[in-house]
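Read-outs throughout are calculated quantities, based only on the coordinates presented, and are distinct from any laboratory measurement. Every value quoted in this text rests on a predicted model; they were computed, and no experiment measured them. Note that each Cβ is placed from the backbone with ideal geometry, even for glycine, and that neighbours are counted across all protein chains shown.
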Amino acid sequence: MAKKGNDYLGLSYPISLILAIIPVTAWILGVVTRIMEGKLLQGIIRILPFIGLPIWILDLIFMITKKEIFRLG
C-alpha cells in the first residue's frame, strides 16, 4: 500500500512528483494506488475523463505543496 508522503506505490517523493507531472502515468498510478488502498470507487471515479482531469490537477497541486496525492476521503 502507498504510504503517506511516499505516494504512487510507495516510491520516493522526487519520483512520485515526476510521475504526477506526466498525465498518463499519473492517471494509471492514481487508479492503481487508490485500488490498492481499498478505495475501489475512487479508482473508478479516477478513470472517468471529465472527473479524472480535475483530480489529476488536484493530485499535482497536492504533490507539490503537501508531498502527497489528493485523497477524497
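Numbers for the structure displayed
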item	result
Karplus-derived 3J(HN,Hα), 6.51/-1.76/1.60, for each residue of the stretch 20-37, Hz, glycine and proline x	6, 6, 7, x, 5, 5, 4, 5, 5, 5, x, 5, 4, 4, 5, 5, 5, 7
Label selected from [x] 16, 14, 10; [y] 21, 14, 11; [z] 31, 16, 9, the criterion being semi-axes √(5λ) of the Cα gyration tensor in Å as computed here	[x]
Sequence of 25, 65 once ranked by neighbouring C-beta atoms within 10 Å, starting from the fewest	65, 25
Stretch in the chain that is longest and holds no trypsin sites (Lys or Arg not before Pro) that DSSP places in a loop and that have at most 15 other beta carbons within 10 Å	5-66
Signed unit charges on C-beta, dipole axis of the chain, positive-most listed residue 16, 42, 57	42
